[in-house]
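See below for the structure under consideration.
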């Protein structure tokens, strides 16, 4: 008589045979993964505009394109590329569904822009419109000043956009005469102005010859013809949102330099659109210790939703991302889903409340709520990760991005949130990945040194799911307020599938400081910025060795950003790792506090400013324990990184070189913290990291 296990084995045979027939994933295929940045459903629910990003190897850039899905009314539809420039992002439907606005850094030849007017050689982001029914896109804005944000009026007849407060040609000439090529640090910064322009004005200009604009534009080359100022703010206006009745404009600000140095520069302002036009400061609506973003008006036109990922309302502390709304009249703030212990990783407003992508543990599900104090409800749905939720204003339909570890990211549409489980796919950008023998993964839990339960992910080499005594690569996520889970990602930052395909069991620990496990769990990283999570990670390694899963003689470690911090720290705490690959990670905290662009965050994690917590800045710094390192270490960095100052990588390289530890250091020119300018940089990074793991970790790559 066959046992239950025997029947299961028979059932699995076709699946295993199918996997064996599939080729393994190659590095070239991996880096052709299409990232989906935007999903926006039309107000009537009949169309979806989709923003993608993919590598253009010939041009050495990442192409950013917009696509349009149209429903045919019979449960199917068609997908077509909407824009062709390769520089198009942040699409927004007009409320009447007749236009799609977007930002683009495409060439503006043929417009009124001239070298004299622009004052610069590089193209900057401008606002464009395109009709979803067809036709060419045309520029709404012109000039040298970059458009930072835009929003539609409630009646679809106008657009609001923000740029740095413009100067006249005379002001520019005077400044250049005064300062030559000298750059004033901070003193030359200025805030933003918000402009309004009628769509009809932009249409008329698009249909006229550019030469007709030159005379009108001569004295104010940075101001889009036909636009007028409706508000100004002392900082950079990075988000705009118009209320449903069209009388209020919400403006989210950030520092002019985009460096996170003073929390008071990150606030929400409110402009009254019923007042006479003219340049006037908007009213500050919030005054707290949080960085607000993702502005959306509630259907009542009185409340404004926003999320907080950095800081808190009452006093500065980093919590998980939470969802709030504020009364635009009284300034009263309420948290939505206060009882939800996970992280609010995205949301959209519906006719009767909100939809939220909530991270809990290793799963990100869709939740719904109709009131701020109501418990969040989760309909039946797939396991994995939901992102980019988009609800139709005049239809129950919902569009979203979904992936799971073995299911690549694609866009889906559901007839309603209650029918998310029956959603149909709209795209197949990443179909190739379903045709490869991919690694399998599962969550893993262990107890840290203080008894706290910690969770992470185990990614097994293809064909070795739940195998024993495997070589293990500890791959540490950045943040630290992030988490690894049941999601499909494939890029220079998340290359776990390539490492697993090369033969490694990949261990991704969600250490203290990670999201999805409650605020208390996240905050326990303070003030032990690296030592507390370090103990969690090493306890996980010990547990996997004890369970017979990991081979203690074949261990490697790596990570980028905060994952680089932890890698740099852990190779000073143990010699058990045979190889390390690290990128954009600090080795000390004083210089990093002064050079990176998130200084109030650093001071919070270490429990004070450098002169107030000097001993802790010392004790939590890898550089002072570097003489303990025996692990061959590979280092990478963006040449213009200020998120984690590139000087930290030079410091690590110099220390290892001085100690005679085998090391290599790659610097990617022109790149900041994210390697987003040239796709070759990320590909070369991972190629060399895999080689390093093979050379010193002893596990051969099959790519």
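Before moving on, here are some points about what is shown:
- Residue within segment 453-476 that is on the phi > 0 side of the Ramachandran plot and touching a strand residue (DSSP E or B) at 6+ places or on another chain (Cβ under 8 Å) present: yes
- Looking at segment 427-511, the strands (runs of 3 or more DSSP E) lying wholly inside it that each contain 2 or more residues that are at pLDDT 95 or above and surrounded by fewer than 21 Cβ atoms within 10 Å (Cβ to Cβ) sit at 440-447, 453-460.
- Meets criteria (within 30 Å of residue 187 (Cα to Cα), part of a loop (DSSP other than H, G, I, E, B) and in contact (Cβ under 8 Å) with a residue 24 or more places away in the chain) for residue 341: no
- Test: residue 202 is modelled with pLDDT under 90, in a helix (DSSP H, G or I), more than 30 Å from the chain's Cα centre (by Cα) and over 27 Å from residue 265 (Cβ atoms): no
- When we screen 405, 400 for residues that are buried (at least 21 other Cβ atoms within 10 Å of the Cβ), within 20 Å of residue 351 (Cα to Cα) and in contact (Cβ under 8 Å) with a residue 40 or more places away in the chain, the only hit is 400.
- From 224, 253, residue being touching a strand residue (DSSP E or B) at 6+ places or on another chain (Cβ under 9 Å), farther than 22 Å from residue 304 by Cβ and either crowded, with 19+ Cβ neighbours inside 10 Å or at pLDDT below 90 (or both): 224
- Where a residue in segment 171-194 is at positive phi and its partner, wherever it lies, is surrounded by 12 or more Cβ atoms within 10 Å (Cβ to Cβ), with Cβ under 9 Å and at least six apart: 186/256; 186/257
- Filtering segment 652-683 to residues that are surrounded by 16 or more Cβ atoms within 10 Å (Cβ to Cβ) and in a loop (DSSP other than H, G, I, E, B) leaves 661, 671, 672, 673, 674, 675, 676, 677, 678.
- Screening segment 546-607 for helices (runs of 4 or more DSSP H) wholly inside it with 3 or more residues that are modelled with pLDDT of 95 or more and touching a helix residue (DSSP H, G or I) at 6+ places or on another chain (Cβ under 6 Å) returns the ranges 562-573.
- Residue that is nearest to the chain's Cα centre (by Cα), among those in segment 493-536 that are on the phi > 0 side of the Ramachandran plot and in contact (Cβ under 8 Å) with a residue 60 or more places away in the chain: 516
- Screening residue 330 on (1) out of contact with any helix residue (DSSP H, G or I) (no Cβ under 7 Å at 6 or more places or on another chain); (2) closer than 24 Å to residue 601 by Cα shows it passes everything except condition (2).
- Restricting segment 271-310 to residues that are part of a strand (DSSP E or B) and touching a residue at least 60 places away in the same chain (Cβ under 8 Å) leaves a set whose member that is nearest to residue 603 (Cα to Cα) is 310.
- Scanning segment 365-377 for residues that are under 24 Å from residue 42 (Cα atoms) and either touching a residue at least 40 places away in the same chain (Cβ under 8 Å) or not in a strand (DSSP E or B) (or both) yields 366, 368, 370.
The values are calculated or read from the model by the stated rules, or taken from the named source; none is laboratory data. Note that the structure is predicted; figures quoted are calculated from it, not measured. A quick note on method: Cβ atoms are made from the backbone with ideal geometry, for glycine too, and the neighbour counts reach across all protein chains shown.
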